[in-house]
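Everything on this sheet refers to the single structure shown next.
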Amino acid sequence: MPPNHLQRLSLFFIALTAAFQTYALPPGHHGSLVTQCTDPRFFDETPGPDAQVTRLEHFSFTASDNTVPTSIQVKVNLQPVEIKVTPKRSGELAVEAKLSTPITEGRAWIKVTGMSHDGCDQLHTWNVYAAH
């Protein structure tokens, strides 16, 4: 092959490799590729979805037993909230959050993210409405 064709062929393979890397599987929690995993779940919210309260100062929920405790992050109206994570006998995680400033009026959009031990991440949201 003349050098010009070799250069074109090399560029073709580089472009092809780059295209496939765009669709590559993400690395898992332990560095290997994730081909199949189980999403963490977040449930038993208190107050629950679309609840109406006079004041939102604290809330809680449960994370499934396949959730990495240190991966759990919580925001209320896009502001990070400190949490306390306590393992239950079942392996599930009790998560409690206390707001630095209570919400007494309007909507509180609660956003929870976390990752499973096998590398899946999950997003869970719900609204709580505060009114006097």
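The criterion of at least 2 residues that are basic (Lys, Arg) and modelled with pLDDT of 95 or more is met, among strands (runs of 3 or more DSSP E) falling completely within segment 81-127, by 106-115. Counting only residues that are polar (S, T, N, Q) and surrounded by 14 or more Cβ atoms within 10 Å (Cβ to Cβ), which one in segment 74-120 is nearest to Gln52 (Cα to Cα)? Result: Thr113. Would a scan of segment 43-51 turn up a residue that is crowded, with 16+ Cβ neighbours inside 10 Å, in contact (Cβ under 8 Å) with a residue 40 or more places away in the chain, at positive phi and not aromatic (Phe, Trp, Tyr)? No, the conditions are met nowhere in segment 43-51. For segment 46-73, the set of residues classified as part of a strand (DSSP E or B), of a type outside the set (S, T, N, Q) and either farther than 13 Å from Asn127 by Cα or not assigned by TED's automatic domain parsing to the domain that holds Trp126 (or both) consists of Glu57, His58, Phe61, Ala63, listed by residue number.
The values are calculated or read from the model by the stated rules, or taken from the named source; none is laboratory data. These figures come from a predicted structure and were not determined experimentally. Neighbour counts are summed over all protein chains in view; Cβ atoms, including those assigned to glycine, are modelled from backbone coordinates with ideal geometry.
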